[in-house]
Amino acid sequence: AYAAIHGFTWASVAIAVGMYLACGFGITARYHRLFAHGTYEAHPLVRAFHLLFGAAAFQNSALKWSAEHRRHHAFVDGKYDPYSMSRGFWWAHMGWIFFKDPENVPGGKVTDLERDPLIRLQHRFYFSIATAAGLALLDDANAAAQLVTLGAIGKAIGTAKGSLIGFSASATPL
């Protein structure tokens, strides 16, 4: 629907595919394998790149995501699992992102990550980094006006993807 309103370009498709891959790998190969499990090491510039596109996926900071993932492994499908299947399919796959963690939950130690200045920086400015990654892709004159609406947040997240897979509710002009 975004393409019907704003036009279709192959550049939008290229950006959408590029962001899909960069954000997808930002979570799977970077947040998951590099930060949560420490499976491999990476140069600080590569880590910064990973932190940028991990944030662009809007699944929380690497510090928070890794803490929750480590807690998930410690308490799989139990009371303290942040994305337990026992709370339902939607919760396990997306719902957990939208709710604040309960206080005093055991597990999820990330002291190793807390020592990393890049991870601390990304954690501190997570929302700004994530939003800036989407704003960098805005491609229409109505973007400034839309920033004051909830739909603008959806557009900031989905403009590149929107032209390909149709986040029409977030792309509707005012």
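For segment 87-117, how many residues meet the condition of being farther than 16 Å from N60 by Cβ and either modelled with pLDDT under 75 or within 16 Å of the chain's Cα centre (by Cα) (or both)? Residues meeting the conditions: 4.
To keep it simple, each residue is scored yes or no on (1) of a type in the set (A, V, I, L, M, F, W, C); (2) out of contact with any strand residue (DSSP E or B) (no Cβ under 8 Å at 6 or more places or on another chain); (3) free of Cβ contacts under 8 Å to residues at least 60 places away in the same chain; (4) closer than 26 Å to A132 by Cβ.
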| position | (1), (2), (3), (4) |
| --- | --- |
| F8 | yes, yes, no, yes |
| E41 | no, yes, yes, no |
| A56 | yes, yes, no, yes |
| W65 | yes, yes, yes, yes |
| F89 | yes, yes, yes, no |
| K109 | no, yes, yes, no |
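Quick check on segment 22-33. Is at least one of its residues in contact (Cβ under 8 Å) with a residue 40 or more places away in the chain, surrounded by fewer than 18 Cβ atoms within 10 Å (Cβ to Cβ) and of a type in the set (G, A, S)?
no
Among the residues of segment 48-55, are any open to solvent by 90 Å² or more (accessible area, probe 1.4 Å) and assigned to a helix (DSSP H, G or I)?
yes
The set of residues from segment 8-37 being part of a helix (DSSP H, G or I), of a type in the set (F, W, Y) and farther than 27 Å from E68 by Cβ comprises just one member, W10.
The values are calculated or read from the model by the stated rules, or taken from the named source; none is laboratory data. Bear in mind the structure is a predicted one, so any value in this text is a computation, not a measurement. Heads up, the Cβs are rebuilt from the backbone with ideal geometry, glycines too, and the neighbour counts pull from every protein chain shown. Protein only, heavy atoms only, side chains kept; ligands, DNA and RNA dropped before computing areas. Shrake-Rupley method; radii C 1.70, N 1.55, O 1.52, S 1.80 Å.
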